[in-house]
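Have a look at the structure below, then the notes.
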């Protein structure tokens with residue numbers, strides 16, 4: 001099965017110009033980056049475009065100080081900050097360094113428990 005590459009975003013310059021300046025590998029990477037979807041970031045970009053300076057200031061304040069620093073964040077900015085502030089589900093350790101034999105040298109933390 002062959003994949004059809006996404007359409008080049010022409011408002012960012014032509015593929016041939018990027019290819020000439022940076023080479024095929026980087027031109028392909030740029031094409032992928034410009035066409036990759038990020039729904040939360042896309043919604044924020046639309047809000048910043050529609051709401052202007054207020055949304056831009058809100059986004060900058062939220063990125064610097066967190067969602068809690070915003071009094072009344074716009075929906076897209078709130079959604080983006082909520083997602084970026086969410087901690088990943090780390091595995092829970094079932095033992096501690098105290099479980100290691102006292103005579104053994106201390107191993108790297110990632111090897112303590114399995």
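The values are calculated or read from the model by the stated rules, or taken from the named source; none is laboratory data. On a predicted model such as this, the values are computed, not experimentally measured, just so you know. Cβ: placed from backbone, ideal geometry, glycine included. Neighbour counts: every protein chain shown.
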Only one of (1) part of a helix (DSSP H, G or I); (2) not assigned by TED's automatic domain parsing to the domain that holds residue 15 is not met by residue 31, so which one is it? (2)
Just checking, does the stretch 28-35 include any residue being modelled with pLDDT of 90 or more and in contact with a helix residue (DSSP H, G or I) (Cβ under 8 Å, 6 or more places away or on another chain)? no
Here's a check for you: in the stretch 55-114, which residue that is under 19 Å from the mean Cα position of the chain (by Cα) and in a loop (DSSP other than H, G, I, E, B) is modelled with the lowest pLDDT? 90
